[in-house]
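Visitor: A single structure is presented below for examination.
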Amino acid sequence: MRTCSCISLSGGQGKTTTIFFTALLLAQQGERVLVIDSDPQANLTFYLNHEVQPNQPSLFEVLTGQIATEDGIYETSYENLFLIPADRGLFKVSDYLSSSGTGAFILKLRLKAVADLFDYVLIDVQPSRSQLCLTAVGASEYVVIPVEANVKGMNSLIDTIDFLNEQSSLMAFTGQILGIVPFRDRWVGNTQTLEGRQNIEAMREFAGDIPILASIRESEKFKSAVRQGKSLADLGQKDLQYPFEQIVEKLQP
Ligand SMILES: Nc1ncnc2c1ncn2[C@@H]1O[C@H](COP(=O)(O)OP(=O)(O)O)[C@@H](O)[C@H]1O
Ligand SMILES: [Mg+2]
């Protein structure tokens, strides 16, 4: 089982998009994939057409140990793809995590119980320095950092690297940063815009040894694919899928 999360400390940076399409791709390749929605905004849960019912367990009950991890896992409409969903009430788990004293390691511990059932676990992470974010980081062997190819994205990148370095020095994060994925990179036809090129160049200068991966291009096709529940290749947009293919390749054992 390999665990990978998408972390970026601002909203709208492409985290959920990256997790969704990477998970679809892995599942289509026959890998058994568990996705975990650890953002109380629950966008990933929504993308996978799941709605947490009042009497049904979600990530909250898994983290607090009220149920066995396996009992918080749901099938999705995709073969090989399973979900631990979130709902808005998930934010309340912070109290439990902070009072436990080992909050950063709780998700890692809960996942041990299902390690044999999945090839990959992908985690969508809340964009704040919260207990939820900490426990997701603590469970991650690999981290992908998506950031918008603009000034807001650059600030998110700076905050995120800073946070990961901090967690690394506390030994709460022991994983590897797989790379930075520029999000909403603007191209006109087959040509990257000057703005896009400059923004990514600035990221490269800041990132040092951390690789800049293939960018996710600005396009309405992504929303359309999510709405239809299809991969980009299924919609005849295989070239737009390349950033996720690259992540899959880098995650391979
Ligand atoms: N390639 C794209 N070009 C433009 N907008 C996109 C693209 N992919 C996704 N979006 C939209 O960008 C917004 C932010 O993406 P999302 O993945 O939800 O970010 P995050 O999870 O970091 O908040 C969403 O509304 C999504 O529909
Ligand atoms: Mg999101």
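The values are calculated or read from the model by the stated rules, or taken from the named source; none is laboratory data. None of the values given here were measured: they were computed from a predicted structure. Heads up, the Cβs are rebuilt from the backbone with ideal geometry, glycines too, and the neighbour counts pull from every protein chain shown.
Visitor: In the stretch 120-149, which residues are over 10 Å from the mean Cα position of the chain (by Cα), within 11 Å of Phe163 (Cβ to Cβ) and touching a residue at least 60 places away in the same chain (Cβ under 8 Å)?
Guide: Pro127, Ser128, Arg129, Cys133, Val137
Visitor: Name the residue that is farthest from ligand 2 (Cβ to nearest atom), counting only residues in the stretch 200-247 that are among the basic types (Lys, Arg) and surrounded by 13 or more Cβ atoms within 10 Å (Cβ to Cβ).
Guide: Here the residue is Arg204.
Visitor: Please work out which residue is farthest from ligand 1 (Cβ to nearest atom), limiting yourself to the stretch 1-27 and to residues that are touching a helix residue (DSSP H, G or I) at 6+ places or on another chain (Cβ under 7 Å) and of a type in the set (A, V, I, L, M).
Guide: Selected residue: Leu26.
Visitor: With (1) under 20 Å from the mean Cα position of the chain (by Cα); (2) within 16 Å of ligand 1 (Cβ to nearest atom); (3) surrounded by fewer than 21 Cβ atoms within 10 Å (Cβ to Cβ); (4) in contact (Cβ under 8 Å) with a residue 24 or more places away in the chain as the list, and Lys250 as the residue in question, which single condition is left unmet?
Guide: Single failed check for Lys250: (2).
Visitor: Restricting to the stretch 9-53, what's the tally of residues that are over 19 Å from Tyr78 (Cα atoms), in contact with a Pro (Cβ under 8 Å, 6 or more places away or on another chain), of a type in the set (S, T, N, Q) and near ligand 2 (Cβ under 9 Å from one of its atoms)?
Guide: Qualifying residue count for the region: 1.
Visitor: A follow-up question, please. Which ones in the stretch 28-55 are acidic (Asp, Glu) and either within 16 Å of ligand 1 (Cβ to nearest atom) or crowded, with 24+ Cβ neighbours inside 10 Å (or both)?
Guide: The answer is Asp37, Asp39.
Visitor: Let me ask you something else. So if I check each of Ala139, Ala149, Ala113, Ala104, which one is small (Gly, Ala, Ser) and within 16 Å of ligand 1 (Cβ to nearest atom)?
Guide: When all the criteria are applied, what remains is Ala149.
Visitor: Against the condition closer than 19 Å to Gln41 by Cβ, hydroxyl-bearing (Ser, Thr, Tyr) and surrounded by 21 or more Cβ atoms within 10 Å (Cβ to Cβ), how does Ser58 come out, does it pass?
Guide: For Ser58, the condition - closer than 19 Å to Gln41 by Cβ, hydroxyl-bearing (Ser, Thr, Tyr) and surrounded by 21 or more Cβ atoms within 10 Å (Cβ to Cβ) - is met.
Visitor: Is it fair to say Asp95 is acidic (Asp, Glu) and either part of a strand (DSSP E or B) or in contact (Cβ under 8 Å) with a residue 60 or more places away in the chain (or both)?
Guide: no
Visitor: Looking only at the stretch 187-217, count every residue that is within 16 Å of ligand 1 (Cβ to nearest atom), within 26 Å of Tyr142 (Cβ to Cβ) and among the charged types (D, E, K, R) and tell me the total.
Guide: 1
Visitor: Can you run down the residue pairs with Cβ atoms below 7 Å, 6 or more apart or on separate chains, where the first is in the stretch 69-82 and without any contact (Cβ under 8 Å) to a residue 12 or more places away in the chain and assigned to a strand (DSSP E or B) and the partner is surrounded by 19 or more Cβ atoms within 10 Å (Cβ to Cβ) and hydrophobic (A, V, I, L, M, F, W, C)?
Guide: Glu75/Phe82
Visitor: If I filter the stretch 66-78 for residues that are hydroxyl-bearing (Ser, Thr, Tyr), farther than 20 Å from Ala139 by Cα and touching a Phe, Trp or Tyr at 6+ places or on another chain (Cβ under 6 Å), do I get at least one hit?
Guide: no
Visitor: Here is a list of conditions, (1) within 14 Å of ligand 1 (Cβ to nearest atom); (2) out of contact with any strand residue (DSSP E or B) (no Cβ under 9 Å at 6 or more places or on another chain); (3) in a helix (DSSP H, G or I), and Ser128 meets all of them except one; can you say which number that is?
Guide: Checking Ser128 against (1) within 14 Å of ligand 1 (Cβ to nearest atom); (2) out of contact with any strand residue (DSSP E or B) (no Cβ under 9 Å at 6 or more places or on another chain); (3) in a helix (DSSP H, G or I), the one that fails is (3).
Visitor: I'm checking my understanding of the structure. Among residues of the stretch 117-145 that are among the charged types (D, E, K, R) and farther than 19 Å from Gly101 by Cα, which one is surrounded by the most Cβ atoms within 10 Å (Cβ to Cβ)?
Guide: Asp124
Visitor: Let me ask you something else. Restricting to the stretch 239-253, name every residue that is at pLDDT 95 or above and not aromatic (Phe, Trp, Tyr).
Guide: Hits for the stretch 239-253 are Leu240, Gln241, Pro243, Glu245, Gln246, Ile247, Val248, Glu249, Lys250, Leu251.
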